[in-house]
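Below: the structure, in structure tokens.
The values are calculated or read from the model by the stated rules, or taken from the named source; none is laboratory data. In this text, all values refer to a predicted model and were calculated from it rather than measured experimentally. Backbone-built Cβ (ideal geometry, glycine too); neighbour counts: all protein chains shown. Surface accessibility is based on the protein's heavy atoms, side chains included, excluding ligands, DNA and RNA. Shrake-Rupley method; radii C 1.70, N 1.55, O 1.52, S 1.80 Å.
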Amino acid sequence: MNRIGNEFNKLVNRSLDRHVRLAVTGLSRAGKTAFITSLINQLMHVSTNPRLPLFTAVRDGHLLGAKRVPQLDLHVPKFAYDEGMNALLSTPPAWPDPTRDVSQTRLALRYKPQKGPMKLLQDTATLYLDIVDYPGEWLLDLPLLDMNFIEWSAQQAKLMKGQREALAQDWLTLGAELDPFAPADEAQIEAISKAFTDYLYACKSEGGLHWVQPGRFVLPGELAGAPVLQFFPFAWLQHYSEAELVQADEHSNFAMLAQRYKYYQQHVVKAFYRDHFSKFDRQIILVDCLQPLNAGPESFNDMRQALDQLMQSFKYGRSSLMRRLFSPRIDKVLFAATKADHVTPEQHPNLVSLLQQLVNEAWQTASFEGIKMDCVSLSSIQATEPGFVSYHGQQMPALRGHTLDEQPQTIYPGEVPRRLPNENYWEQNGFDFVNFRPLAQQNDEPLPHIRMDKALEYLLGDKLQ
């Protein structure tokens with residue numbers, strides 16, 4: 001009965017436009033946990049100490065207050081807001097621990113309706129906001145549904161060059177010893193799979209790379225250690241004909257790899273889109289453009305490829321894979337260039353322009369499908385203070401803050417390119433991106449931010465009218 005009641009409540013709230021399910025995602029280190037922590041914190045302060053001048057409902061006094069309420073999806077872990085705030089309020093302040101699985105929180109927003117049937121029916125109304133946090137790496141798996149095991153293996157083999165090939169040496173050496181036609185050796189496959197997973201972790205941690213497939217291998221959640229995550233692309237296709245691989249015995253090593261890949265497609269990738277993605281109303285995708293700029297051309301171009309893969313989730317045309325499988329209903333997507341406080345203010349327009357270049361193709365597709373998209377630069381939780389320093393008799397823009405090891409620093413990080421940089425950018429320009437710890441916070445004040453109000457206006461403004 002509880003389940004029926006929950007579904008009925010969802011239906012009633014949707015019929016009155018009183019329920020929004022917001023998805024928050026982004027590639028690694030983009031700041032998802034910081035964004036959600038700040039979003040909750042800003043809304044919780046609207047009745048006492050608002051700092052959201054660009055959020056119309058707050059500026060005009062229509063949003064009366066917000067509070068956390070129990071979520072309806074009891075099987076989804078709760079977002080660790082209190083733990084995040086404890087980290088930010090500690091001495092010295094620290095960033096919240098990143099989440100490594102799907103998490104959720106629900107807010108009730110009390111407001112005064114300004115138009116429509118709600119204004120005629122009641123003086124105040126409640127908008128229920130479900131915020132769902134999930135790893136962007138999981139979105140990178142959607143294209144797997146359109147590839148069989150051999151096609152995916154061929155794609156991954158093409159990536160084996162430069163930094164990736166160097167990081168993959170242990171896996172490639174172990175995997176070369178596998179006889180695809182021999183009886184399935186689960187222990188050998190598990191060992192090679194571990195080497196492949198270690199390679200994917202190295203791509204993220206050492207190489208600053210973002211395009212890692214399968215995404216659950218590096219963020220397994222509840223699947224850690226399960227056989228469904230013990231396979232790898234067969235990167236030695238050139239030594240065999242496709243016909244003999246397809247006809248391999250069903251109990252062979254190759255058949256076991258193909259079977260596990262197919263199980264992953266159907267029971268992990270498709271299940272995520274069916275159970276979560278297809279139910280979202282609004283989406284914000286957080287992108288850290290600065291770290292890849294700092295790391296060099298290979299890291300930056302890899303981020304571009306990862307974003308291209310991620311964009312597959314927003315191709316909603318009638319013939320698209322998403323439409324055929326899941327019928328998504330997202331009507332607004334916001335791309336946010338995070339860590340805007342890590343560059344000087346006059347570089348913020350360049351940061352937005354660069355992000356627009358990165359997502360241009362997806363923007364055009366989404367526009368054709370009737371999905372609204374926008375780009376913004378923001379800092380969910382401000383970590384620096386902008387100002388000026390005297391240099392050779394001239395005033396130069398600079399940032400002041402504390403690094404993660406508590407060293408005070410005043411720097412000018414450099415100029416953010418307005419357009420996608422070519423290879424010469426890294427030879428001719430210096431960009432010194434520094435990771436700062438958060439500014440010291442007061443527990444009775446909202447977290448300092450840059451343009452969180454603009455993001456809230458875009459994502460929720462029309463629902464609070």
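Residue pairs whose Cβ atoms lie under 9 Å apart, separated by 6 or more positions or on different chains, with the first residue in the stretch 148-172 and closer than 11 Å to G207 by Cβ and in contact (Cβ under 8 Å) with a residue 60 or more places away in the chain and the second among the hydrophobic types (A, V, I, L, M, F, W, C) and crowded, with 18+ Cβ neighbours inside 10 Å, are Q163/C203; Q163/L209. In the stretch 170-202, the qualifying residues are those that are assigned to a helix (DSSP H, G or I) and acidic (D, E), and the one that is most open to solvent (accessible area, probe 1.4 Å) is D170. Scanning the stretch 426-441 for residues that are in contact (Cβ under 8 Å) with a residue 40 or more places away in the chain and not in a loop (DSSP other than H, G, I, E, B) yields W426, F436.
Checked against the criterion of being out of contact with any Leu (no Cβ under 8 Å at 6 or more places or on another chain) and either at pLDDT 75 or above or open to solvent by less than 10 Å² (accessible area, probe 1.4 Å) (or both), the candidates F335, F314, F326, F300 yield just one match: F314.
Considering the conditions (1) modelled with pLDDT under 90; (2) open to solvent by 30 Å² or more (accessible area, probe 1.4 Å); (3) more than 25 Å from P297 (Cα to Cα), Q428 is excluded by exactly one of them, (3). Restricting the stretch 370-394 to residues that are open to solvent by 70 Å² or more (accessible area, probe 1.4 Å) and modelled with pLDDT of 90 or more, the residue that is farthest from the chain's Cα centre (by Cα) is F388.
Elements of the type helices (runs of 4 or more DSSP H) sitting completely within the stretch 31-146 and holding at least 2 residues that are closer than 30 Å to Q312 by Cβ: these cover 32-44.
The set of residues in the stretch 229-242 being surrounded by fewer than 13 Cβ atoms within 10 Å (Cβ to Cβ) and either of a type in the set (V, I, T) or part of a helix (DSSP H, G or I) (or both) consists of Q238, H239, E242. Number of residues in the stretch 280-293 that are assigned to a helix (DSSP H, G or I) and either surrounded by fewer than 18 Cβ atoms within 10 Å (Cβ to Cβ) or aliphatic (A, V, I, L, M) (or both) equals 2. Could you list, in sequence order, all residues of the stretch 58-72 that are touching an Asp or Glu at 6+ places or on another chain (Cβ under 8 Å) and more than 18 Å from I36 (Cα to Cα)? Across the stretch 58-72, the qualifying residues are V58, L72.
When the stretch 203-216 is limited to residues that are open to solvent by less than 10 Å² (accessible area, probe 1.4 Å) and either hydrophobic (A, V, I, L, M, F, W, C) or over 19 Å from the mean Cα position of the chain (by Cα) (or both), the one that is farthest from P292 (Cα to Cα) turns out to be V212. If you scan the stretch 159-169, which residues turn out to be surrounded by 18 or more Cβ atoms within 10 Å (Cβ to Cβ) and at pLDDT 95 or above? Within the stretch 159-169, L167, A168 meet the criteria.
Listed here are the residues, each with its yes/no results for (1) in contact with a His (Cβ under 6 Å, 6 or more places away or on another chain); (2) within 30 Å of L39 (Cα to Cα); (3) at pLDDT 90 or above.
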| residue | (1), (2), (3) |
| --- | --- |
| Q122 | no, yes, no |
| L127 | no, yes, yes |
| V132 | no, yes, yes |
| E137 | no, yes, no |
| L140 | no, yes, no |
| L144 | no, no, yes |
| N148 | no, no, yes |
| W152 | no, no, yes |
| A157 | no, no, yes |
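From the list L399, L351, the one residue that fits, being in contact with a Cys (Cβ under 7 Å, 6 or more places away or on another chain) and in contact (Cβ under 8 Å) with a residue 12 or more places away in the chain, is L351.
Filtering the stretch 402-417 to residues that are within 30 Å of N360 (Cβ to Cβ) and buried (at least 18 other Cβ atoms within 10 Å of the Cβ) leaves P413, V416, P417.
Out of curiosity, is L39 open to solvent by less than 20 Å² (accessible area, probe 1.4 Å) and at pLDDT 95 or above? Yes, satisfied.
Between L439, L420, L399, the distinction of being within 22 Å of L358 (Cα to Cα) and either open to solvent by less than 30 Å² (accessible area, probe 1.4 Å) or out of contact with any Ser or Thr (no Cβ under 7 Å at 6 or more places or on another chain) (or both) belongs to L420 only.
Restricting the stretch 243-264 to residues that are open to solvent by 20 Å² or more (accessible area, probe 1.4 Å) and among the polar types (S, T, N, Q), which is modelled with the lowest pLDDT? Out of the qualifying residues, it is Q247.
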